[in-house]
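Following: one structure in structure tokens, then a few remarks.
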Amino acid sequence: MFDQFFVMKAEDAVRYVKEKGFFTNDARLEAKEIGDGNINFVFRVRDTESGKSLIIKQGGEMARISDEFKLSSDRVRIEYEMLTFYNERVPDLVPEVLAYDDRMHCFVSEDLGSLTIMRDALLARRRLPHFAEHITTFLVETLFYTTDIAMDPKEKKRWVGKFINPDLCEITEDLVYTEPYTDYRHRNDLFEPNRAWIERMFYEDKALRREVAQLKWQFMTEAQALIHGDLHTGSIFVDEQTTKVIDPEFAFYGPIGYDVGNVLANLMFAWGRFAYAPSVAPKENVTEVKDYVAWLEETIVQVADRLIEKFLQAWAKDARDPLARDKEVAEAYVRRVMADSAGVCGLELARRIIGLAHVKDIVTIPDDEERKKVERILLRAAKHFIFERHSLTSGADFIQILKTAEMEEEQDESGA
Ligand code: SR1
Ligand code: MG
């Protein structure tokens, strides 16, 4: 029955796992479509007696968010190959992947049901004491070790070919790099109280468009490392002890800063929400919320600083190019990674507020005045990250930009 592609429903998912031998024919299974992303279908199939469960992820021919996006099913193969690579390199930080089916455009993987999507954990103000350590290990192990500096350059070029991902790269090129800097009414979805402000601050800023153009050509041409390509807090499962990265369907050989910048920006959405939207928590929790904002700031600092440290350590241990043995070469390389990360951090902040695909951290702020302010602070920060990316060299520099953006917004509000 599963020898020709069709979009599965929950009952098909039950038949599928039985036919493929994951469960016996008489197992009592229940299945539910649980996907909340913009693109694919995700089924959880569970044995009601043993409790054993599995995930099937299936890619249709177009994105869920809009049928404007027609997508090659090859993305499912790429995601499966990426998860396989991650399982070899960082098994503790990803789900186990069990099977791939190129006819049904799906794969089967471990169910991480006991964990929570990180965006939801942050919205619930859960502290994740190991996140910065885990994610920086993930980033260095998957990024540094897939560069020409650590990998055999011929093998690396084969990988570049294996992970060519034109449709998903096109989505990023359009949604992240082009549309938020253009009055692209057809797809940009602006919060109305900020429309005029965004038109002035973004669409009319030619210098900004020039900087973004540089970053866009870099994204399109720099085959630096095998990047995840969509490493936001909706692509990470967590609990207080655990971090598991999922969803690498946007993977390709691109700039390291794309992954790092996404992680940082998505921590900043939670930061903006809790720092400037008091209505999102009960009044009596004000001190707890303040402490949570401090925890988010510490985490942003640690992600940047530990990444730099671990990258340099990995370089000292495993760089194989003879020209890479000079410590100053390593330091200059990492400085550029951080500049690229800052640029992408700005792009991600901007596109989730101005573009088509939003984040819950912002759109669920119930008070319009608060949301207006949070968006403006993050958008001001976005511009600083893009323009000043070459001068950001530590985690503290990232926080400094957030503080500058806060101050500018306060001054503007008070008419100073
Ligand atoms: C059409 S897809 C919109 C967004 O969802 C994905 O998760 C990526 O972030 C993409 O930009
Ligand atoms: Mg995704």
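The numbered conditions (1) basic (Lys, Arg); (2) within 25 Å of HIS134 (Cα to Cα); (3) away from ligand 1 (no atom under 16 Å from the Cβ) are all true for LYS57 except (3).
Within the stretch 219-235, being away from ligand 1 (no atom under 12 Å from the Cβ) and in contact with a helix residue (DSSP H, G or I) (Cβ under 7 Å, 6 or more places away or on another chain) holds for PHE219, MET220, ALA223, GLN224, ALA225, LEU226, ILE227.
Taking residues in the stretch 31-46 that are within 13 Å of SER235 (Cα to Cα), and partners anywhere that are of a type in the set (Val, Ile, Thr) and more than 11 Å from ligand 1 (Cβ to nearest atom), the pairs with Cβ atoms closer than 6 Å and at least 6 places apart or on different chains are GLY35/VAL42. For ALA99, indicate whether it is more than 16 Å from ligand 2 (Cβ to nearest atom), among the small types (Gly, Ala, Ser), surrounded by fewer than 22 Cβ atoms within 10 Å (Cβ to Cβ) and not in a loop (DSSP other than H, G, I, E, B). Against the criterion (more than 16 Å from ligand 2 (Cβ to nearest atom), among the small types (Gly, Ala, Ser), surrounded by fewer than 22 Cβ atoms within 10 Å (Cβ to Cβ) and not in a loop (DSSP other than H, G, I, E, B)), ALA99 qualifies. Restricting to the stretch 41-90, and then to whatever is among the basic types (Lys, Arg) and in a helix (DSSP H, G or I), can you tell me which residue is farthest from ligand 2 (Cβ to nearest atom)? If we take residues in the stretch 41-90 being among the basic types (Lys, Arg) and in a helix (DSSP H, G or I), then ARG89 is farthest from ligand 2 (Cβ to nearest atom). Being more than 16 Å from ligand 2 (Cβ to nearest atom), among the hydrophobic types (A, V, I, L, M, F, W, C) and surrounded by fewer than 20 Cβ atoms within 10 Å (Cβ to Cβ) is a property that ALA294 has. Taking the conditions (1) surrounded by 16 or more Cβ atoms within 10 Å (Cβ to Cβ); (2) modelled with pLDDT under 95 in turn, ARG325 satisfies each one other than (1).
Wholly within the stretch 194-279, which helices (runs of 4 or more DSSP H) include no fewer than the required count, namely at least 2 residues that are more than 16 Å from ligand 2 (Cβ to nearest atom), out of contact with any Leu (no Cβ under 8 Å at 6 or more places or on another chain) and of a type in the set (Lys, Arg)? Filter on the stretch 194-279 gives 206-221. Applying the criterion of being of a type in the set (S, T, N, Q) and more than 22 Å from VAL337 (Cβ to Cβ) to the residues of the stretch 204-243, the residue that is surrounded by the fewest Cβ atoms within 10 Å (Cβ to Cβ) is GLN241. Within the stretch 144-157, residues that are in contact (Cβ under 8 Å) with a residue 60 or more places away in the chain reach partners that are surrounded by fewer than 14 Cβ atoms within 10 Å (Cβ to Cβ) with beta carbons closer than 6 Å, at six or more positions or on different chains, in the pairs ILE149/ASP321; ALA150/ASP318.
The values are calculated or read from the model by the stated rules, or taken from the named source; none is laboratory data. Because the structure is predicted, anything quoted here is derived from the model rather than measured. Don't worry about glycine lacking a Cβ; one is built from the backbone with ideal geometry, like all the others, and counts go over all protein chains shown.
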